[in-house]
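Chemist: Below is the structure I would like to discuss, written out as structure tokens.
The values are calculated or read from the model by the stated rules, or taken from the named source; none is laboratory data. Every value quoted in this text rests on a predicted model; they were computed, and no experiment measured them. Glycine gets a Cβ as well: all are built from the backbone with ideal geometry, and neighbour counts include every protein chain shown.
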Amino acid sequence: MCGIVGIVDVGGVSLPLYYALYALQHRGQESAGISVFDGDQLHKHKAQGLVAEVFDTKILNTLTGKIGVGHVRYPTTGANTPENIQPFNFQFMGKGFAIAHNGNLVNTRELRESFEKAGHFFCTTTDTEVIAALIADELRRSGSIEDAVRLCMTRIRGSYSVVMAYDGAVYGFRDPLGIKPLCLGKTPGGHIIASESVAIDALSGSLVRDVRPGELITIDLEEVRSTQITKVDRKAHCIFEYVYFARADSVIDGVLVYDVRRMIGQKLHEEAPVRADAVCPVPDSGTAYAVGHAEVSELPFVESLIKNRYMGRTFIMPTQAAREQAVRIKMNPIRKHLQDRSIVLIDDSIVRGTTSRRIIQMIRDAGAREIHMRIGSPPIQAPCYLGVDMPTRTELIASGQEEDQVCASITATSLHYVSLEALVAAIGHDFENLCTGCLTGCYPLPIDGEDARSRDIEFLDVTVQLNLDTFSTTK
Ligand code: AMP
């Protein structure tokens, strides 16, 4: 759970990177960073905090260059320490090298150990540094980024969308199953690779297409190239991006996230209709679902909770007590909309159950008679090892508990989770092409102690120049 971006722009990249990271802020609020290459050296700035807290005009003015990468971090592996803030910058054979990563490797430990046995030092506790070490190892031998990324892909297992700035170019590659999103866009002054299309929109650019699973995109001031490094018969796009993580206005792997959520809202009514006075979203994540529900149920869409926009996501609170207090600060009920009413309350997911329980209590205290909870994902039963920050099985409320037990625990009048079939149909990709690990406990690649539907990965060697409109390099 992180946001990444790489930009080449003839007018300079520091502001475009800043705007793109701003658009990707929902993907990580712990820290932000930018590394820019000026043709001679890398300039960087990174710190803990939100994008707006980390950068100001003075700092952005020091980040001169036409090539650069940026990152917003929400930690999945590696401690919450300053050295783990990305992008990471290295000096390699006299050249600057910057890298930023979204995803999570599942074989980091073995790889680190083999490097350490060979005398290699690591400065951070992240899997990203392992990716960098593998790339440097092969670059040293062959001098070719394509070869280095290919070698790296043969060694690492897990989810990874990566951007790098090296030797006058920005590179972006996506894991062979396409687990985490990554897309390519054209901007007025160049090109961009980013986690989500909203970053392209923020620069008034246009989405060219998603980076393909196993593809390496190279962008320099002259051209954009595609190298297909791996081929797999199936994909494993993260289903949770559509449910919760991505912004509703992003298009991911050809699908507008808002459409998925709206359609699921419609399905929630079809699967579990209920007599009520209004349909209310849990803001903001439940809004598109509630719009869809209201369309087909013909219940009025009523906002009954107002969110304090200036608070980060409550999930990062370290203790249960802190999380419970945070929910109360984050949301406030509108009593007048709830008094003596029966409502359908819609949210995207239930993880630990803390949020739902607190919200239902608040809404009941505000006078609601009945609260019919409708959830835009099936029960989350299993941990995520591939990049979404999910608790362990024992903390997941739906792990080992039936729907009626969860309903009693969150004290709702009724509860319905959307079916997996309806969720998959709303996304429009085949079930086989989605990672549903958190919902089914079956993962798209081997993970110790877990079930897997593993796929054969074929390595290829095909590089083409993409036929995109050329852009001026003289501006
Ligand atoms: P809870 O059931 O209290 O653990 O939290 C569930 C709420 O947190 C959901 O309504 C989501 O909006 C949000 N959420 C779901 N998954 C995550 C996640 N991995 N990180 C942060 N927030 C999440």
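For (1) of a type outside the set (S, T, N, Q); (2) assigned to a loop (DSSP other than H, G, I, E, B); (3) more than 27 Å from Q29 (Cβ to Cβ); (4) under 22 Å from the mean Cα position of the chain (by Cα), each residue gets a yes or a no:
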{"residue": "D284", "(1), (2), (3), (4)": "yes, yes, no, yes"}
{"residue": "G292", "(1), (2), (3), (4)": "yes, no, yes, no"}
{"residue": "E295", "(1), (2), (3), (4)": "yes, no, yes, no"}
{"residue": "I306", "(1), (2), (3), (4)": "yes, no, no, no"}
{"residue": "M311", "(1), (2), (3), (4)": "yes, yes, no, yes"}
{"residue": "Q325", "(1), (2), (3), (4)": "no, no, no, no"}
{"residue": "R328", "(1), (2), (3), (4)": "yes, no, no, no"}
{"residue": "L345", "(1), (2), (3), (4)": "yes, no, no, no"}
{"residue": "S356", "(1), (2), (3), (4)": "no, no, no, no"}
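Chemist: Which of (1) touching a strand residue (DSSP E or B) at 6+ places or on another chain (Cβ under 7 Å); (2) closer than 22 Å to V149 by Cβ; (3) among the charged types (D, E, K, R) does K46 not meet, given it meets every other one?
Modeler: For K46, the failing item is (2).
Chemist: Please pick out the residue among D277, D284 that is surrounded by fewer than 24 Cβ atoms within 10 Å (Cβ to Cβ), in contact with a Leu (Cβ under 8 Å, 6 or more places away or on another chain) and not hydrophobic (A, V, I, L, M, F, W, C).
Modeler: That would be D277, the only listed residue that is surrounded by fewer than 24 Cβ atoms within 10 Å (Cβ to Cβ), in contact with a Leu (Cβ under 8 Å, 6 or more places away or on another chain) and not hydrophobic (A, V, I, L, M, F, W, C).
Chemist: Same structure, new question: Here is a check on your reading of the model: is G172 at positive phi, within 24 Å of the chain's Cα centre (by Cα), touching a residue at least 24 places away in the same chain (Cβ under 8 Å) and not in a helix (DSSP H, G or I)? I'd like the intermediate steps shown before the answer.
Modeler: Numbers: at positive phi: no; within 24 Å of the chain's Cα centre (by Cα): yes; touching a residue at least 24 places away in the same chain (Cβ under 8 Å): yes; not in a helix (DSSP H, G or I): yes.
Against the criterion (at positive phi, within 24 Å of the chain's Cα centre (by Cα), touching a residue at least 24 places away in the same chain (Cβ under 8 Å) and not in a helix (DSSP H, G or I)), G172 does not qualify.
Chemist: Now, a different point. Could you list, in sequence order, the residues of region 295-307 that are touching a strand residue (DSSP E or B) at 6+ places or on another chain (Cβ under 6 Å) and closer than 17 Å to E370 by Cβ?
Modeler: L299, P300, V302, S304, L305
Chemist: Among strands (runs of 3 or more DSSP E) lying entirely in region 358-475, which contain 1 or more residues that are modelled with pLDDT of 95 or more and under 30 Å from K336 (Cα atoms)?
Modeler: Details: elements: 370-375, 414-417, 457-465.
By residue number, 370-375, 414-417.
Chemist: Being within 16 Å of the ligand (Cβ to nearest atom), touching a residue at least 60 places away in the same chain (Cβ under 8 Å) and assigned by TED's automatic domain parsing to the domain that holds G185 is the requirement here; does S226 meet it?
Modeler: no
Chemist: Restricting to region 1-45, what's the tally of residues that are of a type in the set (S, T, N, Q) and under 17 Å from Y166 (Cβ atoms)?
Modeler: Of region 1-45, the ones of a type in the set (S, T, N, Q) are 14, 25, 29, 31, 35, 41.
Filter once more, keeping what is under 17 Å from Y166 (Cβ atoms): 35, 41.
Count: 2.
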